[in-house]
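S.K.: Would you mind keeping the following structure in view while I ask a few things?
The values are calculated or read from the model by the stated rules, or taken from the named source; none is laboratory data. This is a predicted model, so every value here is computed, not measured. Cβ placement follows ideal geometry from the backbone for every residue including glycine, while neighbour counts extend to all protein chains displayed. When the accessible area is computed, the model is the full protein with side chains, heavy atoms only, and any ligands, DNA or RNA have been set aside. Shrake-Rupley method; radii C 1.70, N 1.55, O 1.52, S 1.80 Å.
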Amino acid sequence: PPRSTLFPYTTLFRSTYRLELRVSAGVSLLSGGNAEVKLGIALKSDPLVKPYKIELDVVGLFDTPNGTPEQLIDFCRSVAPNILFPYIRQVIDKTTSDGRYGEVRLDPANLSALLPADQWVEEPRTTKSDKAAAADKIAVE
């Protein structure tokens, strides 16, 4: 076939495409002075170029031997997303690289700047031992 017939296909695969990216984050204090940070990514790419829809949650456990719970929460909100995001990038890259439509690569980003304080979900988290202690307290009273 003439070279002009193949040209649209090569430009199609080399063209840029748009990604719709939603980021969610949550932090919860655990018993023992630890904090759990959950970073979620929902990714949807252009269905004509790379028809992927990916949802991924990564959880990181952070602690501080000398800090206060408030300092730990501040650390988790300001630094933890930047620690966890490279793992999300790697999982998405490795998962889609073997796919039929090619890999999806996320650019490095400063997620701390992209996540305002009102988007964080802060929930107190209870562990099994906390529930057992609460049940014992109710039984004694």
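S.K.: Calculate, in nm to one decimal, what Leu21 and Leu106 gain on full extension: separation in residues at 0.36 nm each, minus their alpha carbon distance. Provide the component values of the computation, followed by the final result.
M.R.: Details: separation 85, 0.36 × 85 = 30.60 nm, distance 0.97 nm.
Net length gain for the segment: 29.6 nm.
S.K.: Could I ask something else about it? Just the number, please: carbon plus sulfur as a percent of the accessible area of the range 19-93, 1.4 Å probe, no ligands or DNA/RNA counted. Intermediate results must be reported in sequence, preceding the final value.
M.R.: Details: 2180 of 4110 Å².
It is 53 percent, rounded to a whole number.
S.K.: Summing +1 for each Lys or Arg and -1 for each Asp or Glu, what net charge is found among the other residues whose Cβ lies under 14 Å from the Cβ of Tyr87?
M.R.: Details: positive: Lys38, Arg89, Lys94; negative: Asp57, Asp93.
Taking every Cβ under 14 Å from that of Tyr87, the sum is +1.
S.K.: Defining a contact as two alpha carbons under 8 Å apart and six or more residues distant in sequence, what relative contact order in percent does the range 17-83 show? Each step should come with its number before you reach the end.
M.R.: Values: 107 pairs, mean separation 20.1, N = 67.
With pairs under 8 Å counted, the relative contact order is 30 percent.
S.K.: Quick one: net charge of Glu103's neighbours, Cβ under 10 Å, K/R +1, D/E -1?
M.R.: On the way: positive: Lys50, Lys94, Arg105; negative: Asp93, Asp98.
That works out to +1.
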